[in-house]
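This report refers to the structure that appears directly beneath it.
Read-outs: derived from the displayed coordinates by stated rules, not from any lab. Because the structure is predicted, anything quoted here is derived from the model rather than measured. No Cβ is skipped: glycine too gets one built from the backbone with ideal geometry, and neighbour counts run over all protein chains shown.
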Amino acid sequence: MYKIKSFFIILLTALCLNVKSQQIIASSEIDPLEVILIHRAAKIYLKDTNVQIIVKNSPLYPGLEGMTQQIGPKLYSIDIAFDLKNKKERKWTILHEFGHVLDFYLGFLSQHPPRWMGKKIDHRLPWNLRPWEISADNWAAELWAALLDEPPPYVIWNMEN
Ligand SMILES: [Zn+2]
């Protein structure tokens, strides 16, 4: 009986600790440095400690380097193309996808139903004109400057009036 009791106390403590920290759940083939990068981004930009992000390599559609999904209000998954090998481009892709997580979290982007800033998403828009993609690239540039000590692989030009 005593043993069972202490087991439950340990279990409860573990659950409480879990609730109090952001979780990055990464599959084993993800470089630990990439996990640290997402963890740092989440710590600084997503102060909510109940957010969970699943990160894994996946066979994505050809031409797609990353994909982010909103599984629940505070649960997201980031998939990186398994054949994307260049370390710098992987970091950029991770920060771009994390930008989608931020926009989901902030309520700018929604997956169910697909909306950007409250308006229905038009999938016919070319990639470079999709405002949610432009936003994710802007996040990637900002996060890169804040978290990494090397020049980014891409420069973002904002063509505003
Ligand atoms: Zn994107």
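Mind checking the full-extension length gain between residue 155 and residue 31? Use 0.36 nm per residue of separation minus the Cα-Cα distance, one decimal, nm.
42.2 nm
Averaging the inverse of every distinct alpha carbon separation and then flipping it gives the Kirkwood radius. What is it for region 24-73, in angstrom units?
Computed over Cα pairs of region 24-73, the Kirkwood hydrodynamic radius comes out at 12.2 Å.
Distance between the C-alpha centers of region 34-55 and region 101-161? Whole Å please.
Here the answer is 17 Å between Cα centres.
Would you work out which of 27, 54, 81 lies farthest towards the positive end of the dipole of region 18-147? Charges go on Cβ: Lys and Arg +1, Asp and Glu -1.
54
Modelling each spin label as a point 7 Å along the Cα-to-Cβ direction, I'd like the residue 71/residue 112 distance in nm, to one decimal.
1.2 nm
Can you give the three extents of the C-alpha atoms in region 18-147 along their principal axes, from longest to shortest, in whole Å?
Between the extreme Cα coordinates on each principal axis of region 18-147 lie 37, 33, 27 Å.
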